[in-house]
Amino acid sequence: MGLGLLLVRLVVGLLFVGHGAQKLFGWFGGYGPKGTGGWMDSIGIKPGVFMAVLVGLMELVGGALFVVGLFTPAAGVLIALTMVGAIVKVHGGNGLWATANGYEYHLVLIAAAVGIALTGAGAYSLDALLSF
């Protein structure tokens, strides 16, 4: 079971680290705080640059904590909150299916993050090593 949890934590967590780096540093094809902030302003998330940095930090820190399995419940909450925001502000009005730019993928990520937050990070985690 520990290896399965590690696999899910690595994939989900590293993807969130990447998304946070896109918003914060413009890495991996991202637009950085200014570009992401401009887009956020355009859809009514204000102040855009501040929110881009905030969401970027939530994704980067939440993803990194998820990867190593440290403070996993908090990491799951950070990840889930960013996805709830994406559903509410961007994808929710498009319906469920990803083929219509819906929230299907975001719902899967919420389920993975909350599921692991509730069950624990598993044997291969810092939480287990430190007995959290």
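The values are calculated or read from the model by the stated rules, or taken from the named source; none is laboratory data. Everything quoted here is computed from the prediction, not taken from an experiment. All Cβ positions, glycine included, derive from the backbone under ideal geometry; neighbour counts span all protein chains shown. Note: accessible area is taken over every heavy atom of the protein model, side chains too, but ligands, DNA and RNA are not part of it. Shrake-Rupley method; radii C 1.70, N 1.55, O 1.52, S 1.80 Å.
Observations on the structure shown:
- Looking across Gly2, Gly56, Gly48, Gly37, one residue alone is under 18 Å from His106 (Cα atoms) and in contact (Cβ under 8 Å) with a residue 12 or more places away in the chain. It is Gly56.
- Scanning the range 113-128 for residues that are surrounded by fewer than 16 Cβ atoms within 10 Å (Cβ to Cβ) and under 14 Å from Val77 (Cβ atoms) yields a total of 2.
- Matching residues in the range 66-80 - criterion: being open to solvent by 40 Å² or more (accessible area, probe 1.4 Å) and in a helix (DSSP H, G or I): Val68, Pro73, Ala74, Val77, Leu78
- Qualifying residue in the range 6-24 (condition: more than 25 Å from Gly102 (Cβ to Cβ) and out of contact with any helix residue (DSSP H, G or I) (no Cβ under 9 Å at 6 or more places or on another chain)): yes
- As a summary of the residue check, Ser131 satisfies the conditions (1) open to solvent by 60 Å² or more (accessible area, probe 1.4 Å); (2) part of a helix (DSSP H, G or I); (3) more than 25 Å from Met40 (Cα to Cα) except for the one numbered (2).
- Restricting attention to the range 38-65, the residues being at positive phi and in a helix (DSSP H, G or I) number 0.
- Verdict on Gly35 being part of a helix (DSSP H, G or I) and either crowded, with 20+ Cβ neighbours inside 10 Å or acidic (Asp, Glu) (or both): no
- Residues of the range 73-101 that are touching a Phe, Trp or Tyr at 6+ places or on another chain (Cβ under 7 Å) and of a type in the set (Ser, Thr, Tyr): none at all.
- Against the list (1) among the small types (Gly, Ala, Ser); (2) in contact with a Gly (Cβ under 7 Å, 6 or more places away or on another chain); (3) within 12 Å of Leu5 (Cα to Cα), the condition Gly102 fails is (3).
- Restricting Gly85, Gly30 to those that are more than 30 Å from Ala123 (Cα to Cα), open to solvent by less than 40 Å² (accessible area, probe 1.4 Å), part of a loop (DSSP other than H, G, I, E, B) and free of Cβ contacts under 8 Å to residues at least 60 places away in the same chain reduces the list to Gly30.
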